[in-house]
Ligand code: ADP
Ligand code: MG
């Protein structure tokens, strides 16, 4: 610990004044204007509002006004509402265990009052008029408004300039405020939300169904590129939407988790989702998702964080397992073998008012933010656009593929250049169509009712082999290889405990780990498929996972990793000539295989180029 060289004279212990206590508490609750928005909207929702209006000025720093049509506050309780630890939401510790309101600590309004100018106006159903209270002076006045409450917060941090300095530009603060509204809006589709900034309407969402609200808030692109998920157990339910792997993003900016209607950031849930994507997501990309978890209130503790953005589950393994299963089963269905094409397209267009999004489903996997793409060698996305120069560039990309093509002639014949329907019955009924040729020893070309399908045969085959291995080995134990000389390592108390408690699970993985002495573990066998690796590192990481997560999940994951390595070596390499029959067999296999849209490393396995896009490429009909 750091010590002053010349300690100041000891100061006596004193109790802090009320105002100072609130200011200190405000440090936790009110970080920036968005925190004010979050707390005030929480209060409006707790009051049963059906319409919430947020009016911001100067990024919310100059002013944040939240109006609601909730039950209101009696005029003689207005002053009390602003006091610290004053709440109408709980009266006993017992209430805390089953709390379903957003707030319950009674500190938000007090904290905000200590760092800003606040006016509170409210009217209940029975009062003849509204009453407005000036928090600073305590003055009360009759005011005009319908039933509900208005909280006006001005000049945030005016009395604490040091904190004001931490604020970012108005535009950034505004973005955070709107994000706070967005989270509430996702959680409560039954409530209408409006947001204004400097006199202009920036958001407006009417009360809607859950699905419509997700569409309103996250947009048609998200809807078109995500799958609904649904899972219910005796104690909890998980619903929402999981973004398709190819729609994953560079940033984790579209990841929403709600527990009993409360937006939370939770490492355990994030991990569970991530592990569901592990098999299909490329590298560092971030999946987009919205999850609504409903759990009996006594199974979750919401009182572990001042802003309640973190929660603690009584049975974290149960939650981890449910979330992972819900997401991974939603992702398992591949679109290569999905519904008949016309049904899929109809679904997508029902979901999307915009024409562009309506065809996104039929296009096959796209990379990036929903822009349709053609494959390049490096699997980079080339946005497909209609502008002539860009079309030309895209064309060069496409021809670049052909330049390296082997001697074999490559020709696509289209019987009727202007019809979207292929001549053969097969191409109609098979989602991935009928094989036409092989290009550059890597790509299989096929024609379906939408146009051209391009398949990366190695990537596709790798996925097929992997899924087959997984299906066949589900029950079989992983082969263990005994170590001639046991490897020992110094273990933490946690590691010792896990090794002993989960010895069976470890054996299932081919790992024989047992205590040698207090504080030392010995590894006597490891999975044969992973021999040659760092045994201690492997043991440590498996122990760490077992300590934290559902054991069956850890076993499954480790098994999958081993099988994925095997699949990669067992699949068709590039430059192998395939016959048309073999190509068709590959396409049919893909249609039958789960997760066939991505290889084991998360790269796309196929792309669709529609006839429309081909037409555009040749400036047909322009
Ligand atoms: P908490 O929400 O934790 O109870 P707050 O400081 O946020 O604490 O609010 C204190 C009390 O003021 C609430 O318990 C509630 O009774 C009342 N209140 C605050 N905002 C509103 C509102 N918009 N409508 C009705 N009552 C409100
Ligand atoms: Mg509150």
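Of all residues in the range 163-186, how many are under 17 Å from residue 29 (Cβ atoms) and in a helix (DSSP H, G or I)? Going through the range 163-186 one residue at a time, the tally reaches 8.
Being within 12 Å of ligand 1 (Cβ to nearest atom), surrounded by fewer than 24 Cβ atoms within 10 Å (Cβ to Cβ) and farther than 19 Å from residue 132 by Cα is the requirement here; does residue 58 meet it?
Numbers: within 12 Å of ligand 1 (Cβ to nearest atom): no; surrounded by fewer than 24 Cβ atoms within 10 Å (Cβ to Cβ): yes; farther than 19 Å from residue 132 by Cα: yes.
No.
The set of residues in the range 276-309 that are modelled with pLDDT of 90 or more and closer than 24 Å to residue 331 by Cα comprises 276, 277, 286, 287, 288, 289, 290, 291, 292, 293, 294, 295. Consider residue 207 against the criteria (1) more than 30 Å from residue 239 (Cα to Cα); (2) surrounded by 14 or more Cβ atoms within 10 Å (Cβ to Cβ); (3) at pLDDT 95 or above: it satisfies all of them except one. Which criterion is unmet? Single failed check for residue 207: (1). In the set (1) buried (at least 16 other Cβ atoms within 10 Å of the Cβ); (2) at pLDDT 90 or above, residue 335 fails one condition alone, (2). Of the residues making up the range 55-80, those that are within 23 Å of residue 262 (Cβ to Cβ) and touching a helix residue (DSSP H, G or I) at 6+ places or on another chain (Cβ under 6 Å) number 7. Can you tell me which residue in the range 61-76 is nearest to ligand 1 (Cβ to nearest atom), limited to those that are surrounded by 18 or more Cβ atoms within 10 Å (Cβ to Cβ) and not in a loop (DSSP other than H, G, I, E, B)? Per the criteria, the residue is 68.
Any idea which of 79, 111, 44, 125 is over 23 Å from residue 201 (Cα atoms) and either part of a strand (DSSP E or B) or within 13 Å of ligand 2 (Cβ to nearest atom) (or both)?
Working: 79 fails: either part of a strand (DSSP E or B) or within 13 Å of ligand 2 (Cβ to nearest atom) (or both); 44 fails: over 23 Å from residue 201 (Cα atoms); 125 fails: either part of a strand (DSSP E or B) or within 13 Å of ligand 2 (Cβ to nearest atom) (or both).
Exactly one of 79, 111, 44, 125 is over 23 Å from residue 201 (Cα atoms) and either part of a strand (DSSP E or B) or within 13 Å of ligand 2 (Cβ to nearest atom) (or both), namely 111.
Residue-level check: of (1) more than 9 Å from ligand 1 (Cβ to nearest atom); (2) under 24 Å from residue 261 (Cβ atoms); (3) in contact with a strand residue (DSSP E or B) (Cβ under 7 Å, 6 or more places away or on another chain), residue 119 misses just (2). If we keep just the residues of the range 101-112 that are closer than 19 Å to residue 140 by Cβ and in contact with a strand residue (DSSP E or B) (Cβ under 9 Å, 6 or more places away or on another chain), which is farthest from ligand 1 (Cβ to nearest atom)? So the residue we want is 112. Taken over the range 264-290, the criterion of being assigned to a helix (DSSP H, G or I) and surrounded by fewer than 20 Cβ atoms within 10 Å (Cβ to Cβ) is satisfied by 267, 268, 270, 271, 274.
Of all residues in the range 42-55, which are touching a residue at least 24 places away in the same chain (Cβ under 8 Å) and either surrounded by fewer than 18 Cβ atoms within 10 Å (Cβ to Cβ) or under 14 Å from residue 116 (Cβ atoms) (or both)? Spell out how you get there, then give the answer.
From the range 42-55, those touching a residue at least 24 places away in the same chain (Cβ under 8 Å) are 42-47, 49-55; that's our starting set.
Within the range 42-55, 50, 51 meet the criteria.
Which of the residues that make up the range 82-100 are more than 6 Å from ligand 1 (Cβ to nearest atom), farther than 18 Å from residue 23 by Cα and in a loop (DSSP other than H, G, I, E, B)? Result: 90, 91, 92, 98, 99, 100.
Residues in the range 241-261 that are touching a residue at least 60 places away in the same chain (Cβ under 8 Å), out of contact with any helix residue (DSSP H, G or I) (no Cβ under 7 Å at 6 or more places or on another chain) and in a strand (DSSP E or B): 249 only.
Entry remark, the range 237-253: residues being farther than 20 Å from residue 605 by Cβ and surrounded by 20 or more Cβ atoms within 10 Å (Cβ to Cβ) number 3 in total. Considering only residues in the range 89-106 that are more than 17 Å from residue 296 (Cα to Cα) and within 10 Å of ligand 2 (Cβ to nearest atom), the one that is modelled with the lowest pLDDT turns out to be 105.
The values are calculated or read from the model by the stated rules, or taken from the named source; none is laboratory data. The shown structure was predicted, so the numbers you read here are calculated from the model rather than taken from an experiment. Because the Cβ atoms are built from the backbone with ideal geometry, glycine has one as well, and the counts that use them run over all protein chains shown.
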